[in-house]
1. Would you tally the residues in region A:61-81 being farther than 19 Å from B:THR102 by Cβ and in a loop (DSSP other than H, G, I, E, B)?
2. Take the residues in region B:164-222 that are of a type in the set (Lys, Arg) and assigned to a loop (DSSP other than H, G, I, E, B), then tell me which one is most open to solvent (accessible area, probe 1.4 Å).
3. B:GLU133: more than 24 Å from A:GLU13 (Cα to Cα), surrounded by fewer than 23 Cβ atoms within 10 Å (Cβ to Cβ), in contact (Cβ under 8 Å) with a residue 60 or more places away in the chain and more than 14 Å from chain A (Cβ to nearest Cβ), yes or no?
4. Scan B:ILE61, B:ILE45, B:ILE84 and give me the residue that is β-branched (Val, Ile, Thr) and under 22 Å from B:ASN176 (Cβ atoms).
5. Name the pairs whose Cβ atoms lie under 7 Å apart, with the first residue in region B:204-217 and free of Cβ contacts under 8 Å to residues at least 60 places away in the same chain, the second part of a loop (DSSP other than H, G, I, E, B), and 6 or more positions between them or separate chains?
6. Right, A:ALA54: exposed (fewer than 13 other Cβ atoms within 10 Å of the Cβ) and within 14 Å of chain B (Cβ to nearest Cβ) or not?
Amino acid sequence: MAKIVVDVMLKPEILDPQGNAVANALPRLGFNFAKSVRQGKRFEIEMDGEPTTAQLEEVEKAAETLLSNPVIENFVVRVEK
Amino acid sequence: MRVGVITFPGTLDDRDAARAVNVAGAQSVALWHNDADLKNVDAVILPGGFSYGDYLRCGAISRFAPVMNLVIDAANKGMPVLGICNGFQVLCESHLLPGALTRNSDLHFLCRDQEIEIINNETAWTSAYKSGEKIVIPLKNGEGSFQCDDETLAQLEGEGRVVARYVGQNPNGSRNLIAGITNERGNVVGLMPHPEHAIDELTGPTAQGLGFFTSILNAMVK
């Protein structure tokens, strides 16, 4: 069984109020390491067997169509062993 | 004249939108997200709410509802379509309108009466207003910050496709105070605040939202 991971992040130029809120909360808890925080989404997709090139292309297409909104987000698809 | 009002699972404002259509003098027609039939309507409203629980992204799942294929087709052929709040988000996800609506810049869900200025009164939904007219209607959303790239913004401004702007302090971080936009043809309009909640003074802050619904009636009669 293979696991395909799709990470979706807001594009760098898009304001991320949630990430900012997290960045502001960290020092309140005594964590002072963060210069900035960006928050994204991670999708874990399980498949039977090893994915074929055609299937990975389908995942890319799904990521572009549904999992992300290309107007404001970038995504990366990778296979996890 | 028949105006369809679509109900998705999680839609809230379909009844107010239907009532606004009827008060304006048109006939509202209830459409269900799973319908594969637009029931011969002359125009369509996508009302506010939390369709599909706002899962994934606001409007992202609704965009693939069976009725939306018909709406996208009809809109591309010139049918007037108005998306209010969640409806605006669905129109952006459907790529009928450019840009996207993201989390309010201060992360708070806003619910208040908001002054907006009508900028473009030549769309199918805004002809009852004067350009520059200021009206007060409710604004209530958590993800109302209009975002797009610089090129799209310049295009929207250059082509006069900003339909309405917030007056005063920016409530949600929208670029250029944008509260509503239209497509190139002017038949598809997306609006973040809610005109359907301001059609009489008994239930709304004003009756100044009614113009969106009388506009469409006028557009059809012409």
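1. Qualifying residue count, region A:61-81: 1.
2. In this case the residue turns out to be B:LYS222.
3. no
4. So the residue among B:ILE61, B:ILE45, B:ILE84 that is β-branched (Val, Ile, Thr) and under 22 Å from B:ASN176 (Cβ atoms) is B:ILE84.
5. Taking only residues 6 or more apart or on different chains, the pairs are B:ALA207/B:ALA198; B:ALA207/B:ILE199; B:ALA207/B:ASP200; B:ALA207/B:GLU201.
6. Answer is no for this residue.
Yes or no, residue by residue, for (1) open to solvent by less than 40 Å² (accessible area, probe 1.4 Å); (2) in contact (Cβ under 8 Å) with a residue 12 or more places away in the chain; (3) within 14 Å of the chain's Cα centre (by Cα):
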site	(1), (2), (3)
B:ASP16	no, yes, yes
B:GLY25	no, yes, no
B:MET79	yes, yes, no
B:GLU93	yes, yes, yes
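Residue by residue, here is whether (1) open to solvent by 90 Å² or more (accessible area, probe 1.4 Å); (2) within 12 Å of chain B (Cβ to nearest Cβ); (3) closer than 25 Å to B:LEU101 by Cβ holds:
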site	(1), (2), (3)
A:GLU13	yes, yes, yes
A:ALA25	no, yes, yes
A:PHE31	yes, no, no
A:MET47	no, no, no
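The values are calculated or read from the model by the stated rules, or taken from the named source; none is laboratory data. For clarity, every value in this text was computed on a predicted model and none was experimentally measured. Don't worry about glycine lacking a Cβ; one is built from the backbone with ideal geometry, like all the others, and counts go over all protein chains shown. Heads up: the accessible areas ignore ligands, DNA and RNA and are worked out on the full protein's heavy atoms, side chains in. Shrake-Rupley method; radii C 1.70, N 1.55, O 1.52, S 1.80 Å.
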